[in-house]
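Some notes on the structure that comes next.
The values are calculated or read from the model by the stated rules, or taken from the named source; none is laboratory data. Just so it is clear, the model here is predicted, and its values are computed rather than measured. Heads up, the Cβs are rebuilt from the backbone with ideal geometry, glycines too, and the neighbour counts pull from every protein chain shown. Note: accessible area is taken over every heavy atom of the protein model, side chains too, but ligands, DNA and RNA are not part of it. Shrake-Rupley method; radii C 1.70, N 1.55, O 1.52, S 1.80 Å.
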Amino acid sequence: MLDPCPRAPKELERRAHRFLTIRYVVAIAMWVLGNLLFISEVNAESPSETPPRVVKVGIYVSSPFVIAARERYEGMAIELWEAVSAKLNFRTDYVAYPTFQKLIDATQSGQVDAAVTNLTITRSRAELIAFTQPWYDGGLRIMVKADGSGGFTALLSGLLDAGHIHVYACLFAIILAATIAITLFDRKFDPDFPRRWREGTAESFFHVISIATVGRTTRKNLFGWLGRVWQAIWLLVGVGVIAYITSSITSVMTAVTLEREIHSFEDLQGRTVGVFTGSVAENFVNDLGISSRSYPNLTAAVEAANEGEVDAIIGDAPVLEHFAYTAPEENMIVVGKIFHPDKTGFAFPLNSDLTNPATLQILELIEDGTVERLRKRFFGNST
């Protein structure tokens, strides 16, 4: 008996082959789709890097917080700001200002997005600009010239004020008169006296100055005991002159030194101090009625102190200490304890959207020890 469907096995084989082919295609399609979905999820979790935000930062050069180096700026404040900027994805453009006040004005008006230097936080400033969390504790100190004597000019001024210069002029006139009188006397009575006026006058002047300075004379005694008495009187006069000159100069030098010695804030009364324009020190001394002169920076203030324009300089303690240590040739020393303690922070225009993020980053850098490491690197272990 013949099979009614002799080709059925081949048909079944073809159908099975198509089924397997379709199954493979579907599997491959599912694999490709799964990979595409995975890649899209990864891309969604890791978006492309956003460009950094450009922030215009105003600075005031005040070593060691802000130091002008070759084609860039350094210092504790700069390094701390750049650490904050790295965390917030900022790109900084620095703009330098000549005084604290210019920097504050630029920040208040929005000319800059931030102010970076040793900017003290005060109530009056906080009404104009916004501050971050403080990152440095400081205060004011005093810097003076190390010698404290005031030099020859101060000595001459003291002698003049005390009336000694007038007495010295009178003594010099007496010396000249005595020189002329002795010259005329010896030319008449001493046969060995030089005959030429030039030599004779010089000889007499030498005898007078010898008596006035060392109390001795080598002149010949021409009149016996009367001559000895006369010479003794001259010796007493010379001793008196020397004693007067020595005591007057010593007393004036002592007075000048005591007058110019400054050891603490209490010694500033009646003196003129140098301050920085727009600084806390300027407002502080003005409120107390202390005479002051304002300078744009520390270099100008030190130059004024060297020229005698001011008796002392008042400024942020770490700034003065750093200058005295790094510039010994200027012969300046920092005296007294810190007074008027203050805190330093970065500043922004009021209502700036940068204040809160920068504050949070500063707090994080304080907590992880970065701020303390920066302080030690720039100021050592001193507190």
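Among the residues in the stretch 197-209, are any open to solvent by 70 Å² or more (accessible area, probe 1.4 Å) and within 56 Å of the chain's Cα centre (by Cα)?
Yes.
Looking at E321, E309 in this structure, which one is assigned to a helix (DSSP H, G or I), open to solvent by 20 Å² or more (accessible area, probe 1.4 Å) and touching a strand residue (DSSP E or B) at 6+ places or on another chain (Cβ under 8 Å)?
Residue meeting the stated conditions: E321.
Quick test for you: out of F348, F339, pick the one residue that is farther than 20 Å from F90 by Cβ and modelled with pLDDT of 90 or more. Steps first, answer last, please.
Details: F348 fails: farther than 20 Å from F90 by Cβ.
Result of the check over F348, F339: F339.
Residues are listed down the side, and each one gets a yes or a no for (1) closer than 18 Å to S352 by Cα; (2) at pLDDT 95 or above; (3) of a type in the set (V, I, T):
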residue	(1), (2), (3)
A68	no, no, no
L80	no, yes, no
A83	no, yes, no
N89	yes, yes, no
Y97	no, yes, no
D105	yes, yes, no
S109	yes, yes, no
V112	yes, yes, yes
V116	yes, yes, yes
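Considering I39, I28, which residue is assigned to a helix (DSSP H, G or I), more than 52 Å from the chain's Cα centre (by Cα) and at pLDDT 65 or above? Full working, then the answer.
Values: I39 fails: at pLDDT 65 or above.
The unique qualifying residue is I28.
For the stretch 324-333, state whether one or more residues are among the polar types (S, T, N, Q), in a helix (DSSP H, G or I) and open to solvent by 30 Å² or more (accessible area, probe 1.4 Å).
Checked the stretch 324-333: at least one residue is among the polar types (S, T, N, Q), in a helix (DSSP H, G or I) and open to solvent by 30 Å² or more (accessible area, probe 1.4 Å).
Taking interchain pairs and intrachain pairs at least six residues apart, which have beta carbon atoms under 7 angstrom, with the first residue in the stretch 106-132 and under 11 Å from I59 (Cβ atoms) and the second in a loop (DSSP other than H, G, I, E, B) and open to solvent by 30 Å² or more (accessible area, probe 1.4 Å)?
Pairs that qualify, where the first residue is under 11 Å from I59 (Cβ atoms) and the partner is in a loop (DSSP other than H, G, I, E, B) and open to solvent by 30 Å² or more (accessible area, probe 1.4 Å), are A106/Y97.
Considering each residue of the stretch 350-365, count those that are in contact (Cβ under 8 Å) with a residue 40 or more places away in the chain and either surrounded by 15 or more Cβ atoms within 10 Å (Cβ to Cβ) or charged (D, E, K, R) (or both), and give that number. Write out each step before concluding.
Just the residues of the stretch 350-365 that are in contact (Cβ under 8 Å) with a residue 40 or more places away in the chain, to begin with: 350-352, 354-355, 357-359, 361-365.
Narrowing the set further to residues that are either surrounded by 15 or more Cβ atoms within 10 Å (Cβ to Cβ) or charged (D, E, K, R) (or both) leaves 352, 354-355, 357-359, 361-362, 364-365.
The qualifying residues number 10.
For G138, state whether it is assigned to a loop (DSSP other than H, G, I, E, B), open to solvent by less than 50 Å² (accessible area, probe 1.4 Å), over 19 Å from E74 (Cα atoms) and at pLDDT below 95.
The answer is no for G138.
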